[in-house]
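What follows is calculated from the coordinates using simple rules that are stated; it is not laboratory data. This one's a predicted model, so the numbers in the text were calculated from it and none came from an experiment. Quick reminder, even Gly has a Cβ in these numbers, built from the backbone with ideal geometry, and neighbours come from all protein chains shown.
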Amino acid sequence: MSDQKIWDVVTGKAIAVSSDLEDRIEIINSKISSKVEIKSFVDIYEPKSEEVLLFDDGICVIKQKANRTSQKEKLNSETQSWPKSHADYLKKKVREKVITDVVLLEIAQGKFEYIISPIDPEGNNLFPLEKVIQTQLKVHYQNYNNPIPIVAIVDGASTIRKRLKNLNEAGITTILDWYHLSKKVRDFLAMISRNKAEKNEHFKFLFSHLWHGKVEECLDYLQNKVVARNQNKLDELINYFTKHQTSIINYERRKQAKKTIGSGRIEKGVDLTIGKRQKDNGMSWRKLGSRALAILKVLEFNNLWQQAWFPEAA
């Protein structure tokens, strides 16, 4: 098949799958009209407490320009006389991204389902991802007699916090992933500390306290003990801790309970779903093409490939 024919097959199948999912969601919601109940507080340190893990993350790829050749020639001609750093900055700045959100929902002990939004013929989401999550919760937990004890392990992005709020107005037990928290602090300390010795000192204090969930002590340290090379970055770090205070937990205690503290599963999930295929050097994507491939990959991971392509045989 030609490139164009492959494009037509892939996008056509993804749109058809999306349409089927839209119909399925409407049917399920008409049969189960009541909204699923989600437990607003889960004891995350109790080894025997039930948990339904939810991982949520987004991944971006380079967006294809409408007219790649003419745009590139125009940009090069405008920036030829600029200092190299300025030209490179502008080129990087104008490159738009296609962002796709992927959720992993635990549907049985240790078994997860990939969830992604269905798309329209332009590649836009047909409806918010939380609507798909709510529907799948109805499918898998309709016979669950109590509110569902969801524990969301996320990186703290505002879009994810908003999605969780939409899932349950009363709140969802949320853990800020240790990897993202530690990376964020490392990055900020590199811009705040005046020298390497100070950086090591700040690092030692903050990480030992964050590992035990002592956010108040960290805030007091940052506000009263740190002399910053960049005050704006110090203020940003203080604001970061304040904003995520309820999601920064006692990681050591939870680890001792043999429970998950990181979002490595979803990091690997978005990489397998999108990154591995779509993030090679020089690649750029239209929104429809990128999200269509992601939908088909989700079908494969959810063991629905045969059913989607060969329904009679399946």
Can you give the calculated 222 nm mean residue ellipticity of the chain, where each DSSP H run of n ≥ 4 adds -39,500 (n - 2.57) and the sum is split over every residue, rounded to the nearest 500 deg cm²/dmol? -16000 deg cm²/dmol
Taking the Cα-to-Cβ direction at Ser2 and at Asn143 and moving 7 Å from each Cα, how far apart do the two end points lie in nm? 5.3
Inter-part distance where the stretch 1-45 and the stretch 99-175 are each reduced to a Cα centre, Å: 11
Just tell me the longest site-free run in the chain, where the sites are chymotrypsin sites (Phe, Trp or Tyr not before Pro) in a DSSP loop having at most 16 other beta-carbon atoms within 10 Å. 145-314
Which ³J(HN,Hα) values in Hz, rounded to whole numbers, follow from the phi angles of the stretch 114-126 under the Karplus curve 6.51 cos²θ - 1.76 cosθ + 1.60, where θ = phi - 60° and Gly and Pro get x? 7, 10, 9, 6, x, 10, 9, x, 9, x, 7, 5, 5
Once the piece of chain linking Leu126 and Lys204 is laid out straight, how much longer is it, given 0.36 nm per residue of separation minus the C-alpha distance between them? 23.4 nm
Report the gain in length on full extension from Ile62 to Glu46: 0.36 nm times residue separation, minus Cα-Cα distance, nm rounded to one decimal. 1.5 nm
Please list, or write none, the lysines whose alpha carbon is within less than 18 Å of the alpha carbon of Lys31, excluding same-chain residues fewer than 8 places away. Lys131, Lys138
Please identify the trypsin sites (Lys or Arg not before Pro) of the stretch 237-314 that satisfy two criteria: DSSP loop assignment and at most 14 other Cβ atoms within 10 Å. Which are they? Lys258, Lys279
Based only on other Cβ atoms within 10 Å, what is the fewest-to-most ordering of His202, His244? His244, His202
HN-Hα J in Hz across the stretch 142-157 - Karplus 6.51, -1.76, 1.60, θ = phi - 60°, x for Gly and Pro: 5, 9, 6, 7, 10, x, 6, x, 6, 10, 9, 10, 9, 9, x, 4
With P(r) over Cα pairs in 10 Å bins from 0, in percent defined as stated, name the option among (1) 5, 22, 22, 17, 18, 12, 4, 0; (2) 5, 21, 27, 24, 16, 6, 1; (3) 6, 25, 28, 21, 14, 5, 1 computed from the structure displayed. (2)
Would you mind checking which residues have amide H under 5 Å from Lys63's amide H? H placed 1.01 Å from N; only 5 or more apart, or other chain. Glu96, Lys97, Val98, Trp285
Cα gyration tensor shape for the stretch 181-247, rounded if a/c is under 1.5, else prolate or oblate: prolate
If amide H atoms are built 1.01 Å from N in the plane of the peptide, which residues on other chains or at least 5 residues away come under 5 Å of the amide H of Val151? Val52, Leu53, Leu54
Mean Kyte-Doolittle of at least -0.5 plus a Cα span of 27 Å or more along the axis: flag which DSSP H helices in the chain meet both, please. 3-31
Looking at the stretch 91-185, which GluC sites (Glu not before Pro) are DSSP coil and have at most 16 other C-beta atoms within 10 Å of their C-beta? Glu96, Glu122, Glu169
Under the Karplus relation 6.51 cos²θ - 1.76 cosθ + 1.60, θ = phi - 60°, what is the ordered set of whole-Hz ³J(HN,Hα) values for the stretch 43-48, x standing for Gly and Pro? 6, 7, 9, 7, x, 9
